[in-house]
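Q: The structure's right below; bear with me while I get my questions together.
Nothing in this text is a laboratory measurement; each read-out follows from the coordinates by a stated rule. These numbers come from a predicted model, not from an experiment. Glycine also receives a Cβ, built like all others from the backbone with ideal geometry; neighbour counts cover every protein chain displayed.
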Amino acid sequence: MPRRTIVEIDIPAVGMSETQSGITRMKPRILGALVEPDAPTGVAALIAHPTNNFLGHPLLSPLAERGIAALGLNTRFMNNDATLIMEKAIQDIGAGVRWLRERGYEQVHLVGFSGGAALACFYQAQAEKLTIVETPAGDAVSLSAGDLPPADSLSLIAAHLGRSRLLQDWIDPSLTDESDAASRDPSLDMYDAVNGPPYSDEFLERYRSAQSARRDRIEAWAKARLGLLRINNPSADEAFVVHRTFADPRFMDLSLDPNGRHAGGIWGNARDVNYAANAIGRYTSLTAFLSQWAGCSNADGPTNVMRTSIPVQYIELGGDASTFPSTTRIWREAIESRGNATSSFHAIDDADHYLKRPEHLREAADMLAAAFSA
């Protein structure tokens with residue numbers, strides 16, 4: 001029977017912006033859940049996300065049952081994308097890869113699940129060729145090649161393209177006042193029944209253009225505000241709120257980018273989630289916004305996967321309500337652009353974003369185990 005152990009992994013020093021805990025700053029560590037098979041094979045998988053708690057990820061035990069040690073790893077930013085700096089999150093992934101290798105695992109495979117896909121691609125791209133010296137905010141990043149040991153393969157499942165593209169696709173363009181969560185332009189409100197669903201081509205063209213414009217306005221403001229604050233304090237930062245961030249027309253109109261999903265998105269009533277106090281990207285800082293949500297983010301998934309040379313496996317979930325056939329096409333184009341680098345593409349029909357049905361979870365685990373033994 002697989003053995004599950006909570007592990008502590010040392011990481012480099014963390015700053016005030018990354019944690020309020022003096023204990024954590026005194027002894028910086030991240031947590032992981034290692035699930036090992038009875039007879040280890042020397043092969044391990046690492047599953048991580050920029051902010052989600054992956055200690056209980058549903059793939060850990062199924063992988064161990066197939067002879068693969070599986071480490072669900074949390075970064076220092078667990079449950080806290082308000083101060084997430086992607087350039088520091090990859091340092092935590094490196095600590096996990098190094099820890100597994102020091103434990104004796106000869107192969108370490110990265111599994112990028114959901115928002116972890118772009119993180120895994122960013123990590124591997126920098127592990128193969130380190131280019132990052134600062135964040136998009138201009139803050140120095142202390143990374144070395146030793147911090148980022150390369151993995152042996154990448155597997156991408158339910159893979160978002162990256163936080164920057166996600167916000168651009170999900171942000172509500174009908175908001176008219178960034179300081180007023182209830183402000184609304186009815187002509188751009190996808191949740192106003194007058195507009196659909198179904199949504200007209202004319203509405204969608206205006207809608208997508210307005211989404212990009214809103215995201216870009218926030219980015220421009222964040223850069224200007226940070227520049228102003230840092231005139232007298234080079235390390236200054238500031239918190240702010242981004243209202244209404246769950247408004248992709250594909251959530252409600254199943255004729256758009258069709259697959260086997262149900263209407264409403266992945267978190268329940270999509271309109272309620274859009275207006276909720278706790279939703280994706282809701283609380284952030286100037287530096288965190290630029291690192292993860294802005295167009296200047298370094299952590300775009302397809303851009304980074306093109307910079308990798310290791311085998312990549314892509315698994316599409318046919319009933320996913322947050323990744324779509326167009327998502328797969330973008331990933332495939334990026335992955336196949338790598339020339340002779342090994343790649344494979346698979347699909348699990350009707351599987352939802354979280355692999356809730358046991359048969360879908362088993363199928364995903366089988367695909368991963370087969371790729372790791374290839």
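Q: At a 10 Å Cβ-Cβ cut-off, how would you order ASP237, ASP169, fewest neighbours first?
A: Numbers: ASP237 18, ASP169 21.
Final ranking by Cβ density, sparse to dense: ASP237, ASP169.
Q: To continue, here is another question. Fewest Cβ neighbours within 10 Å first, please rank VAL305, VAL141, VAL108 accordingly.
A: Details: VAL305 29, VAL141 16, VAL108 24.
Ascending Cβ contact count within 10 Å gives the list VAL141, VAL108, VAL305.
Q: Which ³J(HN,Hα) values in Hz, rounded to whole numbers, follow from the phi angles of segment 250-262 under the Karplus curve 6.51 cos²θ - 1.76 cosθ + 1.60, where θ = phi - 60° and Gly and Pro get x?
A: 5, 5, 10, 9, 6, 7, 8, 6, x, 8, x, 6, 9
Q: Return the calculated 222 nm mean residue ellipticity for the chain, to the nearest 500 deg cm²/dmol, obtained by summing -39500 (n - 2.57) across DSSP H runs with n ≥ 4 and dividing by the residue count.
A: Working: 10 runs with 117 residues, N = 374.
Calculated mean residue ellipticity at 222 nm is -9500 deg cm²/dmol.
Q: With +1 assigned to the C-beta of every Lys and Arg and -1 to the C-beta of every Asp and Glu, and no other charges, what is the dipole magnitude of the chain about the Cα centre in debye, to the nearest 20?
A: Details: 35 positive and 46 negative charges, 160 e Å.
About 780 debye.
Q: Where the only charges are on Cβ atoms (+1 Lys, Arg; -1 Asp, Glu), what is the dipole of segment 165-293 about its Cα centre, to the nearest 20 debye? Each step should come with its number before you reach the end.
A: Details: 15 positive and 19 negative charges, 85 e Å.
So the magnitude is around 400 debye.
Q: Taking H as built 1.01 Å from N, whose amide H comes closer than 5 Å to the amide H of CYS296, not counting residues under 5 places away?
A: Counting only residues 5 or more places away or on other chains, the set is empty.
Q: In what sequence do TRP170, TRP267 fall when counting other Cβ within 10 Å, fewest first? Don't skip to the end; give the middle numbers.
A: Details: TRP170 24, TRP267 16.
With the fewest neighbours first, TRP170, TRP267 line up as TRP267, TRP170.
Q: Assuming 0.36 nm per residue, please report the length gained on full extension of the stretch ARG208 to SER144 beyond their Cα-Cα distance. Spell out each step's value before the answer.
A: Numbers: separation 64, 0.36 × 64 = 23.04 nm, distance 3.94 nm.
That pair, ARG208 and SER144, stretches by 19.1 nm at full extension.
Q: Between segment 317-374 and segment 153-211, how many Å separate their Cα centres?
A: After rounding, the separation between the Cα centres reads 25 Å.
Q: Which residues does the label zone of TYR283 cover in segment 209-245, counting backbone N under 12 Å from a point 7 Å along Cα→Cβ?
A: In segment 209-245, the label zone of TYR283 (backbone N under 12 Å from the point 7 Å along Cα→Cβ) covers 239-242.
Q: To continue, here is another question. Taking the dipole about the Cα centre of the chain, with the C-beta of Lys and Arg at +1 and of Asp and Glu at -1, give me whichever of TYR191, LEU73, TRP221 is farthest to the positive side.
A: Going by the Cα projections, it comes out as LEU73.
Q: Hey, what do the phi angles of segment 355-372 turn into as Karplus ³J(HN,Hα) couplings, whole Hz, using 6.51/-1.76/1.60 and θ = phi - 60°, x for Gly and Pro?
A: 6, 5, 7, x, 5, 6, 5, 5, 5, 5, 5, 4, 5, 5, 4, 5, 5, 5
Q: How big is the Kirkwood radius of the chain, worked out from every pair of different alpha carbons and given in Å to one decimal?
A: 21.2 Å
Q: I've got another one for you. Amide H to amide H, which residues 5 or more places from PHE345 or on other chains are under 5 Å from it, using H placed in the peptide plane?
A: TYR314
Q: Between segment 232-302 and segment 131-146, what is the C-alpha centre distance in whole Å?
A: Here the answer is 25 Å between Cα centres.
Q: Dipole magnitude of segment 279-374 about its Cα centre, charges +1 at Lys/Arg Cβ and -1 at Asp/Glu Cβ only, in debye to the nearest 20? The partial results should precede the final answer.
A: Details: 8 positive and 11 negative charges, 74 e Å.
In debye, rounded to 20, segment 279-374 gives about 360.
Q: Now, a different point. Hey, in the GNM for the chain with a 10 angstrom Cα cutoff, which one of ARG214, ARG184, ARG163 fluctuates hardest?
A: ARG184
Q: Further question: Work out the P(r) tail for segment 165-293: percent of alpha carbon pairs separated by more than 24 Å, whole number.
A: Numbers: 2557 of 8256 pairs.
In whole percent, the share of Cα-Cα pairs in segment 165-293 beyond 24 Å is 31.
Q: Students often forget the sequence filter, so: which lysines lie under 28 Å Cα-Cα from LYS223 once same-chain residues fewer than 8 apart are removed?
A: Straight-line reach from LYS223, under 28 Å: LYS88, LYS129.
Q: Let me ask another. Out of all DSSP beta bridges in the chain, what portion is antiparallel? Express it as a percent rounded to 5.
A: Details: 16 of 43 bridges.
Of the beta bridges lying entirely in the chain, close to 35 percent run antiparallel.
Q: Two decimals is fine: what is log10 I(q)/I(0) at q = 0.11, 0.13, 0.17, 0.23 Å⁻¹ for segment 1-106, from a Debye sum with one equal scatterer on every Cα and no solvent?
A: Taken in order of the listed q values, log10 I(q)/I(0) reads -0.33, -0.46, -0.74, -1.18.
Q: Label segment 130-174 by shape, choosing from rounded, prolate and oblate, from the square roots a ≥ b ≥ c of the eigenvalues of the Cα gyration tensor; if a/c is under 1.5 it is rounded, and otherwise prolate applies when a/b is larger than b/c, oblate when it is not. Walk me through the numbers on the way to the answer.
A: Numbers: a/c = 5.52, a/b = 1.38, b/c = 3.99.
It is oblate, given that a/c is not under 1.5 and a/b is not larger than b/c.
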